[in-house]
1. All but one of (1) out of contact with any Asp or Glu (no Cβ under 7 Å at 6 or more places or on another chain); (2) of a type in the set (A, V, I, L, M); (3) surrounded by 13 or more Cβ atoms within 10 Å (Cβ to Cβ) hold for ALA328; state the number of the condition that does not hold.
2. Give ILE273, ILE284 a once-over and let me know the one that is closer than 17 Å to ASP238 by Cα and modelled with pLDDT of 95 or more.
3. When ARG70 is evaluated against the numbered criteria (1) touching a residue at least 12 places away in the same chain (Cβ under 8 Å); (2) outside any helix (DSSP H, G or I), which criterion, by number, is the only one it fails?
4. Taking the stretch 178-230 only, how many residues are out of contact with any helix residue (DSSP H, G or I) (no Cβ under 6 Å at 6 or more places or on another chain), of a type in the set (A, V, I, L, M) and under 30 Å from THR53 (Cα atoms)?
5. So which residues in the stretch 254-283 are in a loop (DSSP other than H, G, I, E, B) and either more than 18 Å from VAL240 (Cβ to Cβ) or of a type in the set (Val, Ile, Thr) (or both), if there are any at all?
6. Checking SER268 against (1) touching a strand residue (DSSP E or B) at 6+ places or on another chain (Cβ under 9 Å); (2) closer than 24 Å to PHE230 by Cβ, only one condition comes out false. Which one?
7. Give me a count of the residues in the stretch 47-67 that are under 13 Å from GLU11 (Cα atoms) and free of Cβ contacts under 8 Å to residues at least 40 places away in the same chain.
8. How about the stretch 109-118: which of its residues are surrounded by 14 or more Cβ atoms within 10 Å (Cβ to Cβ) and modelled with pLDDT of 80 or more?
Amino acid sequence: MAGKEQTASRERTIVKTAVVGIVTNILLASFKALVGFASHSTALVLDAVNNTTDAISSIVTIVGTKLASRKPDKKHPLGHGRIEYLSEMIVAALILYAGITALFESVEKVLVPVEVDYSAAYLVVVTVAIAVKIILGLYVRRQGKKANSDLLVSSGTDALFDAILSTAVLVSAIVYLVFGFNIEAFVSIIISIFIIKTGVEIIREAVDDMLGHRVESDLTKKLKDVVIAFPEVYGAYDIVLHNYGPDIYLGSLHIEIDDTMTADKIDSLTREINTKAYEETGIILTAVGIYSRNTSDDELMEIRTQITKLVVDHDNVLQMHGFYIDEAKKRISLDVVIDFAEEDRMALLEHIRQDIQDAVPGYEIIMTLDSDISDQ
């Protein structure tokens, strides 16, 4: 399923899941705050604040999703999908604020201890909260993966983490009741630090999304499989995908075809590839470039085999493609993909060029250095 139907389904899933999170976290925060203030438990009150932050985060998720799903306009012709990344930053800022505030209050409680009353209600509320957070976390994370929403996946993971923090609160109560040691303030500091850590991690992920990062190999592999399924295509290379939201990709690639194909055949083929790629992957191909393959001369094909082996035998060479011999101009053209692990990629490229020149003298060698920008 792709296109409008897929987008609408994704939006419904995110909004429904976020609403469940809002209701659950508000209820948890209310009970924890009431019992926390009544028992003078800083840790439980901070846990309630954390739940409140989670509820606000879910609200931001809904608003961000609604804004991101708006139709393209003249000012934003590629849509508003990247608003979701901004939403992630807002959620992270809320979490950081809650964590830093909680840390200061927790340190104050260490310096000026307050006696805590661990009642039966306290123990029941914390125990129930742990169970609810585990169920909520698993549900939200599963829905996030289903909807391809980093926001939901982060929220689900955060909920599971909250269950661990609530467990720490429960343990501190048990330690006090059994051994008489009040470690609640120190537990509060630990909770605060982990809240801050969560906020920092979400910021890092959002920044990665906005900067642009390596596209998941599953997606590029799926696109490549769709393209090379056409019998006229020998290979798909130079896949470049630009993300304009979690579910919106525009991209381009090169295909290798026989040098005997005519323009009308190529035009028909590339149109079919564009349609099939969108139907199967949801990716909008903005350009399909052409690499011509020597097929009419056995001697030239033998040279291709020889040079291919020569090139890929070098360390850190990941791939060679775009190979073509223009016999009339005595020119050999090819692209070489070199791993980023290579310290001096240009030096290696020149070394390969010289090796080819030595192997097939009399030809002009034109080489292009390709970057390893997607798993293909």
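The values are calculated or read from the model by the stated rules, or taken from the named source; none is laboratory data. Fair warning: this is a prediction, and the values are worked out from it, not measured in the lab. Here the Cβ is made from the backbone with ideal geometry for all residues, glycine too, and neighbour counts use every protein chain on show.
1. (3)
2. Within the list ILE273, ILE284, the selection yields ILE273.
3. In the conditions (1) touching a residue at least 12 places away in the same chain (Cβ under 8 Å); (2) outside any helix (DSSP H, G or I), ARG70 misses (1) alone.
4. The qualifying residues number 5.
5. Kept after step one, since they are in a loop (DSSP other than H, G, I, E, B), are these residues of the stretch 254-283: 259-262, 282.
ASP259, THR260, MET261, THR262 - these are the residues of the stretch 254-283 that are in a loop (DSSP other than H, G, I, E, B) and either more than 18 Å from VAL240 (Cβ to Cβ) or of a type in the set (Val, Ile, Thr) (or both).
6. (1)
7. Residues flagged as under 13 Å from GLU11 (Cα atoms) and free of Cβ contacts under 8 Å to residues at least 40 places away in the same chain within the stretch 47-67 amount to 2.
8. none
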